[in-house]
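Reading through the structure tokens given below for one structure.
The values are calculated or read from the model by the stated rules, or taken from the named source; none is laboratory data. Please read these numbers as outputs of a predicted model, since none were measured by experiment. Here the Cβ positions follow ideal geometry from the backbone for every residue, glycine too, while neighbour counts run over all protein chains shown. Heads up: the accessible areas ignore ligands, DNA and RNA and are worked out on the full protein's heavy atoms, side chains in. Shrake-Rupley method; radii C 1.70, N 1.55, O 1.52, S 1.80 Å.
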Amino acid sequence: QIKPLEGKRCFYCAGSPHFRWRLFLTYAQMRKILKKGRIRAADVFSLRIKEKNLSGRAVFLELVDAKEKQLISGKDFRALVGPNRLKSTLFEIKPKKHGILFVGKGWGHGVGLCQWGALGMAKKGSSAEEILAFYYPESKIEKK
């Protein structure tokens, strides 16, 4: 039986420049981004995380404008903003007077191998096999 990948809490990536990040989007930028994604948003009043997964990542966001509330997946919202700007769905939302501040951690999807963590482990002397065993504990390496 093949199991799907799961997230692994990584303690080795604190040296990453993406360990903690911030992104501020004005309300005008938000409208432009949402319009690009064909999401109706005449005037963004608020954006909040509606649902998180077990690792704390945003699964669904609730967008409130003058007319309605809409749900958008965290993954789709990240893709609209740009994955190099909104670096992961592991973020908090801080409403500000002129826009929204996203305060987040990491850069990626949250499952599988953390590249910065693997680098940190290697720098501490871990072998490739030890690194793979840490991130994929139920796997085994076989020679064919």
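In this structure, the residue pairs whose Cα-Cα separation is over 30 Å, taken from Lys94/Lys124; Lys69/Lys94; Lys87/Lys143; Lys69/Lys96, are Lys94/Lys124; Lys87/Lys143. Using a probe of 1.4 angstrom and keeping all protein chains present, the accessible surface of the range 4-144 works out to 68 square angstrom per residue. The fraction of accessible area contributed by carbon and sulfur in the range 37-144 is 54 percent, rounded to a whole number (1.4 Å probe; ligands and nucleic acids excluded). Across every pair of non-identical alpha carbons in the chain, the mean reciprocal distance, once inverted, gives a Kirkwood radius of 16.9 Å.
The label point for Ala14 and the one for Glu138, both projected 7 Å from the Cα toward the Cβ, are 3.0 nm apart. Ellipticity at 222 nm from helices only: DSSP H runs of n ≥ 4 in the chain, each -39500 (n - 2.57), divided by the residue count, give -7000 deg cm²/dmol.
Distance from a point 7 Å along Cα→Cβ of Gln70 to each backbone N in the range 15-47: keep the residues under 16 Å and list them by number. So the set is 27-47.
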